[in-house]
1. Keeping to the stretch 465-478, report how many residues are open to solvent by 40 Å² or more (accessible area, probe 1.4 Å) and closer than 18 Å to residue 403 by Cβ.
2. I'd like to verify a number: residues in the stretch 252-284 that are crowded, with 23+ Cβ neighbours inside 10 Å and within 16 Å of the ligand (Cβ to nearest atom), how many?
3. How many of the residues in the stretch 187-213 are away from the ligand (no atom under 13 Å from the Cβ) and under 26 Å from the mean Cα position of the chain (by Cα)?
4. With the requirement that a residue be part of a strand (DSSP E or B) and under 16 Å from the mean Cα position of the chain (by Cα), what does the stretch 255-306 give you?
5. Residues in the stretch 596-610: is at least one hydroxyl-bearing (Ser, Thr, Tyr), surrounded by fewer than 20 Cβ atoms within 10 Å (Cβ to Cβ) and either closer than 28 Å to residue 59 by Cα or in contact (Cβ under 8 Å) with a residue 40 or more places away in the chain (or both)?
6. Across the stretch 661-699, what is the total count of residues that are closer than 18 Å to residue 598 by Cβ and assigned to a loop (DSSP other than H, G, I, E, B)?
7. Quick one: residue 53 ticks every box in (1) away from the ligand (no atom under 16 Å from the Cβ); (2) touching a Leu at 6+ places or on another chain (Cβ under 6 Å); (3) under 24 Å from residue 293 (Cβ atoms) bar one, so which box is it?
8. Which count do you get for residues in the stretch 540-557 that are surrounded by fewer than 18 Cβ atoms within 10 Å (Cβ to Cβ) and in a loop (DSSP other than H, G, I, E, B)?
Amino acid sequence: MLIKDMNLHKSIKTITALLLCLHTIAQPTIPVPVGPLPSANQLRWQQLEYYAFIHFSVNTYTDMSWGYGNEDPKIFNPGQLDCRQWARICKEAGMKGIILTAKHHSGFCLWPSQYTAYSVKNCPWKNGKGDIVREMANACKEYGLKLGLYLSPWDRNRADYGTPQYIQYFRNQLRELLSNYGEIFEIWFDGANGGSGYYGGANETRTIDRITYYDWKNTYKLVRELQPKIVIWNDGGDRADLRWVGTEAGYVGETNWSLLDSTGDVPEAMLRNGVENGNKWVPGEVNTSIRPEWFYHPKEDSKVKTVAQLTDIYYQSVGRNATLLLNFPIMPNGLIHPTDEANVLAFGKLIRQSFANNLARNAIASASNTRGNARGFTAANTVDNSNDTYWATDDSVRSATVTLRFPKAIRFNRFLAQEYIQLGQRVKSFSVAALVKGSWQQLAAGTTIGYKRILRFNTVEATQVRLEITDSKSSPVISNMGIFNAPQVLAPPGILRDKSGVVHLHPADAESELYYSLNGQTPTLHSNRYTAPVKTSEGKLLVKAVAYDRRTKKMSAVTSESFGIARTAWSVTGITDSTVNAVLDGNPETTWYQPDTIQMPVDLVIDLGRTTTVRGFKYLPDQHWWGSGIITHYSFFISPDGRQWEKVDEGEFSNIKNNPVLQTKTFPAKQGRFCRIRAEKNTQNNNRAGYAEVDILTE
Ligand code: FUL
């Protein structure tokens with residue numbers, strides 16, 4: 001009996017083991033990872049999604065885009081400096097971290113570095129006893145934000161810039177910053193490198209080899225030793241952990257692979273779109289400023305990006321598989337301007353509201369294919385609110401669908417999808433359709449998905465939603481789907497004044513009504529309604545305008561533009577080609593180029609038609625993606641008669657290559673009728689000089 005029992009027991013054990021073994025064989029394994037994969041640091045960084053930049057240095061006090069390196073530290077005196085205000089605003093706006101310009105190109109250090117006198121040690125603020133990096137680190141800690149630092153490799157103050165000693169100095173500073181302020185999540189090595197500067201009094205132009213000078217390999221090694229959890233941003237030298245997306249205007253390409261090739265040049269299209277078959281994981285970070293420029297300029301107080309603009313930027317960065325690094329310029333008093341605060345808080349609130357309620361969570365999900373028909377990979381994983389589970393298909397599959405069925409019709413206007421990027425970025429194209437009143441309608445289509453992709457479309461009401469992956473590098477692996485009904489934002493109109501003084505308003509949305517004022521007052525529904533271009537008098541003008549949506553009764557933010565005297569009598573002299581009028585037509589879309597046969601320096605002469613008091617000028621370069629003929633250095637001359645010229649100004653448009661926004665230069669007022677803008681140099685070091693717009697500032 002006992003023997004019989006024992007045999008039975010043995011057989012049961014054997015059968016169970018066999019079954020278990022069979023079960024394990026039948027269970028499909030996880031999909032094979034595809035291509036380069038993100039490191040743990042890159043993954044953690046990507047999940048931050050949205051964080052802040054802070055630009056503050058001595059040039060905040062000189063109203064310049066870049067410090068030259070000769071600014072006296074005595075001008076740096078932020079009487080009300082409050083890093084807690086910066087951190088509070090960032091936190092309330094939904095951000096996860098802050099990257100501070102510990103040292104910008106001026107070389108001025110916001111911390112008391114022991115390796116230079118050119119720092120907060122020698123400024124009146126806190127009698128030289130302050131340390132902004134420390135205050136920032138403390139504030140980040142208090143508000144639960146991560147801290148990142150910008151240390152400019154280019155240093156326009158240092159006498160030894162360009163020599164090997166400078167590299168030692170640069171590394172000493174890195175060691176200070178990465179050892180003394182706790183955990184640093186990201187280090188930013190800007191790509192602007194070499195050029196004119198003070199250089200300890202040499203006042204000259206120095207060039208360095210961007211690839212070899214900094215010996216990035218060993219610099220990166222030091223960084224990683226000191227901060228094992230850091231990610232490195234660098235658009236200047238060796239491929240780092242993160243890439244620039246090729247513009248500072250606030251968007252990455254709709255197709256956005258988180259891959260690049262580890263060696264070779266990176267042309268702009270690759271920065272924008274990544275490289276589908278690249279051999280290194282280098283995801284994109286969209287860096288842009290809440291104002292046109294990075295540092296504070298009072299003239300930009302009316303140019304703070306609106307909620308509508310910030311929202312577009314969000315969808316064109318976070319919504320396109322990148323992160324968003326949004327900059328606040330600090331005012332000379334040490335605070336973020338109230339308009340910047342108001343706009344970013346309203347934007348943060350809108351984003352929170354938009355994504356608060358994921359309607360996909362109430363759906364029953366099913367897929368056209370599920371890996372080995374196994375529960376671990378089911379379509380339900382796309383709506384379980386977890387980033388750790390995913391839907392996967394059999395290995396051979398390249399196109400498949402997930403359908404979400406709702407118990408009752410839902411209204412929505414956003415679709416979100418996420419790949420499980422731990423296994424690589426795979427999807428090459430997809431579309432989204434909805435079952436509306438019994439028939440399928442395509443709502444949107446896209447190419448890459450990556451960590452996160454969000455699509456916008458007009459609000460629909462539907463009972464089913466279908467994600468169709470139409471092509472993929474390998475079998476698709478989707479961790480999340482989201483469906484949202486986001487509040488609509490009404491964008492304010494654009495304002496232009498043409499050469500003849502006529503004002504044109506451009507609505508951002510064809511259905512809205514436009515109202516405007518010409519007397520500085522905030523427009524309301526009782527102001528002038530815009531129905532056709534408005535003829536204005538010749539004088540100076542301040543135009544304010546709003547858009548209004550009658551259906552939702554919503555009013556947009558106010559935009560305002562100020563214009564000098566109308567340019568009816570102005571002309572460009574000496575050029576017979578009539579397309580030259582693009583320079584004065586008030587339309588940023590049209591650009592005129594000097595004939596290629598003319599060598600730099602090259603002059604553009606404007607006749608104002610009569611003797612006028614001139615106090616500056618504005619220059620807008622080609623506004624198209626990576627436009628050419630962008631002038632970086634200029635001289636400006638005035639003449640009473642077009643023969644006798646006096647030079648009244650010269651200088652640089654500092655950051656115009658990366659950020660081709662309107663440049664304004666002013667100088668002591670001077671009488672004259674003819675103005676000559678001399679293009680001395682351009683971004684490409686060739687002879688091309690282009691002008692989308694030129695304006696002369698008159699009294
Ligand atoms: C640029 C710099 O030259 C700007 O001044 C700014 O710091 C921006 C973030 O990067 O290339």
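1. Start the filter on the stretch 465-478 by keeping residues that are open to solvent by 40 Å² or more (accessible area, probe 1.4 Å), which leaves 466, 468, 470-471, 473.
With closer than 18 Å to residue 403 by Cβ added as a condition, the list becomes 466, 468, 470.
Residues flagged as open to solvent by 40 Å² or more (accessible area, probe 1.4 Å) and closer than 18 Å to residue 403 by Cβ within the stretch 465-478 amount to 3.
2. Number of matching residues: 2.
3. 2
4. 284, 285, 286, 287, 288, 289 - these are the residues of the stretch 255-306 that are part of a strand (DSSP E or B) and under 16 Å from the mean Cα position of the chain (by Cα).
5. Quick first cut of the stretch 596-610, residues hydroxyl-bearing (Ser, Thr, Tyr) only: 597.
Subset that is surrounded by fewer than 20 Cβ atoms within 10 Å (Cβ to Cβ): 597.
Retained after the next criterion (residues that are either closer than 28 Å to residue 59 by Cα or in contact (Cβ under 8 Å) with a residue 40 or more places away in the chain (or both)): none.
Checking the stretch 596-610: not a single residue is hydroxyl-bearing (Ser, Thr, Tyr), surrounded by fewer than 20 Cβ atoms within 10 Å (Cβ to Cβ) and either closer than 28 Å to residue 59 by Cα or in contact (Cβ under 8 Å) with a residue 40 or more places away in the chain (or both).
6. First, pick out the residues of the stretch 661-699 that are closer than 18 Å to residue 598 by Cβ: 676-691, 694.
Okay, now just the ones that are also assigned to a loop (DSSP other than H, G, I, E, B), so 683-689.
The total comes to 7.
7. (1)
8. Matching residues across the stretch 540-557 total 5.
The values are calculated or read from the model by the stated rules, or taken from the named source; none is laboratory data. This one's a predicted model, so the numbers in the text were calculated from it and none came from an experiment. As a convention, Cβ positions derive from the backbone with ideal geometry for all residues, glycine included, and neighbour counts pool all protein chains shown. We work out accessible area using only protein heavy atoms, side chains counted, and drop any ligands, DNA or RNA first. Shrake-Rupley method; radii C 1.70, N 1.55, O 1.52, S 1.80 Å.
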